[in-house]
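Peer 1: Handing you this structure, nothing more for now.
The values are calculated or read from the model by the stated rules, or taken from the named source; none is laboratory data. Just so it is clear, the model here is predicted, and its values are computed rather than measured. Please note: Cβ atoms are built from the backbone with ideal geometry, for glycine as well, and neighbour counts cover all protein chains shown. Accessible surface is based on the protein model in full, side chains and every heavy atom, while ligands, DNA and RNA are left aside. Shrake-Rupley method; radii C 1.70, N 1.55, O 1.52, S 1.80 Å.
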Amino acid sequence: MFACTCSRHAKLSFTTPFKPFSDLTQNQPYPLSLSGMGNSFETSHNLPYTMLFKYLRSTLSEILRFVILILVVSIEALFILQRWKPIFHFFLFSFFLALFVLKPYLSTRPVVYLVDFSCFRPPCFCRIPFSAFLENVSMINIFDGESIAFMSKILTSSGQGEETYLPPALHYIPPKTHRQESINEVQMVLFPVMDDLLSKTDLSPRDIDILIVNCSGFCPSPSLSSIIINKYSMKSDIKSYNLSGMGCSASSLAIDMARNLLKTHQNSYAVVLSTEILSTGWYSGQEKPKLLLNCLFRMGSAAILLTNKKEAKGSSKYKVFCMVRNQRAFDDKGYHAGIREEDSNGKLGVTLNRDVLQIAGETLRANITILGSKILPFTEKLWHCVSIIRKKFIQKSGEIYVPNFKTVIHHFCLPTSGRPIIKEIAKSLKLGEKDIEPALMTLHRFGNQSSSALWYELAYMEAKERVKKGDKVWQLGMGTGIKCCSVILECLKPIVGDSNKGPWADCVDKYPVMD
C-alpha cells in the first residue's frame, strides 16, 4: 500500500496516464506502476512552503556552522600572529569545543536500541504456486472467466515467485473467512515469531514493559495485544497497544510509537509485533480494483525488540537514528485512495482508486524532502537549494539537482507493493540494482507481506552479510490513509553468521534470481 503528506495543490504528472482497471490489456497487466513519477526532488520547489522552509533552514544552519568554523580558525590565526596571551587561545578553544565537539554528547534524549528481530517462516503446506491459486479460484463459482484472467495477469506481472504462502483458511474451496479462522491465523503467525525473539534475546515475557501489535484488517475483541498477553502471561502493568487500519506502513509507525514511548518510560523493553491477517481480507466479488489484494498479499509476520537500557548497546544490532512520518488523510483524495468498502453486492474488499499513484508519489516526495533536510550532508543540501533557486528565478528550464542519499544511506528496504513500483521508487532515488535487490527478492520469495515485509528485506541483507558496523539502513513504509514513514537504523556491530537462520536460512544462496 501507499502513504504520505504533501501539498493539497502539488501535482504529479504521469507520462503514461493511469488506466482504469477495465481498460487493462495484455501489454499493461499490472496497473500499480509509478510510471512517469520522475525524480522525487524534481518538483520539490512546489511543496508547501513550511516543508521547503525546513529544508532551507537546515541548509542555512549548516552554512552558519561552517562560517563560524572559518571565523574561529581566522581568529586563532590572528591570535598566533599577534602573539596574544595563552588565555585567549584557551577561551577560543573552549568555544570551538562546545559548539562542534561536545554538542552531540550533551543531548539528554535517550538512545533507542533495536536489540534483535525475528521473521516468520510459513510451513511448506501453506505454499501456493500460481497454478494452484488459479485452479482454486476457478473452482469458486463467484469468479467468472474475466476475473480469473485478470488475477492471472496480476500474478505473473507482480514480481512474486512460485513459493509464496497463503494461510490454511484460504486453501479451502471456497475460502473460510470466519472469525475463528482468523484467530487461528493470528496464533499461527504471531506465536512462533514471539517465541523466536524471546529465545534469541534470552528475555522473559514478564520483562516486557511495552507491547505494540499492528494488523490492519483484523481487529478482534479482545484485541490482538490481549491475545499475546494472555498467551505469555505478561505482567499486569504492561503498556499494550493495538494498531489497525494503518496499511503497509504500520510496522514503521509502530517503531516510531515504541521509540516515543521509550523516551518517557526509562529502563524499559518494547516489543513490536507486525503482521496482516489474510483470511479476513479475502474478497469474494468481481470488482477488479478489489481483486488486486487477493493476488498480491501473502503470509508474513515479524517481532522486533527495542529498548532504552544503556547496557543494551553492546548486545543490540542497531540504534534508531532518525524517523520521519507524514500523512495525507486531511485531503479527500488521499483519504479515499485506498479504502475498505463494500461493492454493489455487499461484498467487502479494499479498493485502490485511480488517484492512488499520484497521491503516493506526492506523499513520498514530501517525506523524502523532510528526511533529506535531516540526514543529508551539507554539500548535497546546498546544491539542491541552489538548483531550486536557479530554476525559480534564473533558468526556469534548468533541472533540479537530486541529492544523493547514498552518501548517507548504505542499504534500502522499500515497499514490496510490486516490481514496477519498486523500480520506479529506485529510479526517483537514483538507486542501483543492488540497492533494490532485497525488496525484489523478498517480493519474489515471500510476496507482499504488508507491513512485515521490511523486516524480511533486512533479514535478507543480514543473511548476505552485507550490513557492516556504522552502516545506515532506510526502511520506507507506505500505507493507506495515505501515510508514509521513514525509519533510519544505524548498525552497531557487524552482522555475521545469520545465513543459517531466519526466513532465508535454506534459500539465501539461491538469490538473487533473475526473472
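Peer 1: Just to be sure I understand, how many residues within segment 192-231 are under 22 Å from ARG179 (Cα atoms) and of a type in the set (Ser, Thr, Tyr)?
Peer 2: 5
Peer 1: Could you list, in sequence order, all residues of segment 163-198 that are open to solvent by 70 Å² or more (accessible area, probe 1.4 Å) and touching a strand residue (DSSP E or B) at 6+ places or on another chain (Cβ under 9 Å)?
Peer 2: Hits for segment 163-198 are GLU163, ASP195.
Peer 1: Right, here's the next one. Just give me the residues in segment 294-322 being part of a loop (DSSP other than H, G, I, E, B) and of a type in the set (Gly, Ala, Ser), in sequence order.
Peer 2: Within segment 294-322, GLY300, SER315, SER316 meet the criteria.
Peer 1: Determine whether segment 467-478 contains at least one residue that is of a type outside the set (S, T, N, Q), in contact with a helix residue (DSSP H, G or I) (Cβ under 9 Å, 6 or more places away or on another chain), closer than 27 Å to VAL189 by Cα and open to solvent by 10 Å² or more (accessible area, probe 1.4 Å).
Peer 2: No, segment 467-478 contains no residue that is of a type outside the set (S, T, N, Q), in contact with a helix residue (DSSP H, G or I) (Cβ under 9 Å, 6 or more places away or on another chain), closer than 27 Å to VAL189 by Cα and open to solvent by 10 Å² or more (accessible area, probe 1.4 Å).
Peer 1: Could you tell me whether any residue of segment 284-293 is in contact (Cβ under 8 Å) with a residue 40 or more places away in the chain and closer than 27 Å to ILE488 by Cα?
Peer 2: Within segment 284-293, not a single residue is in contact (Cβ under 8 Å) with a residue 40 or more places away in the chain and closer than 27 Å to ILE488 by Cα.
Peer 1: I've got another one for you. Out of all the residues in segment 162-196, which are touching an Asp or Glu at 6+ places or on another chain (Cβ under 7 Å) and assigned to a helix (DSSP H, G or I)?
Peer 2: Result: ALA169, single match.
Peer 1: Related question: Is it true that some residue in segment 355-372 is closer than 30 Å to GLN286 by Cα, over 20 Å from the mean Cα position of the chain (by Cα), among the charged types (D, E, K, R) and in a loop (DSSP other than H, G, I, E, B)?
Peer 2: yes
Peer 1: Let me ask something else. For segment 202-222, name all the residues that are within 24 Å of the chain's Cα centre (by Cα) and not in a strand (DSSP E or B).
Peer 2: Those that are within 24 Å of the chain's Cα centre (by Cα) and not in a strand (DSSP E or B): CYS215, SER216, GLY217, PHE218, CYS219.
Peer 1: I'd like the residue in segment 411-435 that is aliphatic (A, V, I, L, M) and touching a Phe, Trp or Tyr at 6+ places or on another chain (Cβ under 7 Å) and, out of all such residues, is farthest from CYS484 (Cα to Cα).
Peer 2: LEU431
Peer 1: If you don't mind, another one. Can you tell me which residues in segment 277-289 are under 23 Å from the mean Cα position of the chain (by Cα) and either assigned to a helix (DSSP H, G or I) or more than 19 Å from CYS219 (Cβ to Cβ) (or both)?
Peer 2: none
Peer 1: Here are some conditions: (1) open to solvent by less than 10 Å² (accessible area, probe 1.4 Å); (2) under 12 Å from the mean Cα position of the chain (by Cα). LYS483 meets all but one. Which one does it not meet?
Peer 2: Single failed check for LYS483: (1).
Peer 1: Can you list the helices (runs of 4 or more DSSP H) found entirely within segment 377-462 that contain at least 1 residues being of a type in the set (Lys, Arg) and surrounded by fewer than 18 Cβ atoms within 10 Å (Cβ to Cβ)?
Peer 2: Those helices (runs of 4 or more DSSP H) span 419-429, 433-446.
Peer 1: Under 9 Å between Cβ atoms, at least 6 apart or on separate chains: pull out the pairs that start in segment 503-515 with a residue that is within 10 Å of ALA463 (Cα to Cα) and in a loop (DSSP other than H, G, I, E, B) and end on any residue that is open to solvent by 40 Å² or more (accessible area, probe 1.4 Å) and of a type in the set (Gly, Ala, Ser).
Peer 2: Sorted first by the residue in segment 503-515, then by its partner, the pairs are ALA505/SER499.
Peer 1: Also, quick follow-up: Listed residues PHE393, PHE405; which is aromatic (Phe, Trp, Tyr) and either in contact with a Cys (Cβ under 8 Å, 6 or more places away or on another chain) or over 30 Å from TYR335 (Cα atoms) (or both)?
Peer 2: From the options PHE393, PHE405, the qualifying one is PHE393.
Peer 1: Now a separate question. So which pairs qualify, if the first residue must be in segment 372-392 and within 17 Å of VAL324 (Cβ to Cβ) and acidic (Asp, Glu), the second must be open to solvent by 10 Å² or more (accessible area, probe 1.4 Å) and in a helix (DSSP H, G or I), the Cβ gap must be under 8 Å, and the two must be at least 6 apart or on different chains?
Peer 2: Listed pairs, sorted by first residue: GLU380/THR407.
Peer 1: Go through ALA366, ALA329 for me and flag whichever is surrounded by 21 or more Cβ atoms within 10 Å (Cβ to Cβ) and in contact with a Lys or Arg (Cβ under 9 Å, 6 or more places away or on another chain).
Peer 2: So the residue among ALA366, ALA329 that is surrounded by 21 or more Cβ atoms within 10 Å (Cβ to Cβ) and in contact with a Lys or Arg (Cβ under 9 Å, 6 or more places away or on another chain) is ALA366.
Peer 1: Further, regarding this structure: Within segment 487-515, track down each residue that is open to solvent by less than 10 Å² (accessible area, probe 1.4 Å) and over 22 Å from SER301 (Cβ atoms).
Peer 2: ILE488, CYS491
Peer 1: Quick one: would you say LEU155 is open to solvent by less than 40 Å² (accessible area, probe 1.4 Å), modelled with pLDDT of 95 or more and either touching a strand residue (DSSP E or B) at 6+ places or on another chain (Cβ under 8 Å) or not in a strand (DSSP E or B) (or both)?
Peer 2: Against the criterion (open to solvent by less than 40 Å² (accessible area, probe 1.4 Å), modelled with pLDDT of 95 or more and either touching a strand residue (DSSP E or B) at 6+ places or on another chain (Cβ under 8 Å) or not in a strand (DSSP E or B) (or both)), LEU155 does not qualify.
Peer 1: From the list SER252, SER274, pick out the single residue that is within 20 Å of VAL487 (Cα to Cα), open to solvent by less than 10 Å² (accessible area, probe 1.4 Å), assigned to a helix (DSSP H, G or I) and out of contact with any Asp or Glu (no Cβ under 8 Å at 6 or more places or on another chain).
Peer 2: SER252 is the lone residue from the list that is within 20 Å of VAL487 (Cα to Cα), open to solvent by less than 10 Å² (accessible area, probe 1.4 Å), assigned to a helix (DSSP H, G or I) and out of contact with any Asp or Glu (no Cβ under 8 Å at 6 or more places or on another chain).
Peer 1: Let me ask you something else. ASN345 is checked against (1) out of contact with any helix residue (DSSP H, G or I) (no Cβ under 8 Å at 6 or more places or on another chain); (2) over 24 Å from THR280 (Cα atoms) and fails just one. What number does that condition carry?
Peer 2: It fails just one condition, (2).
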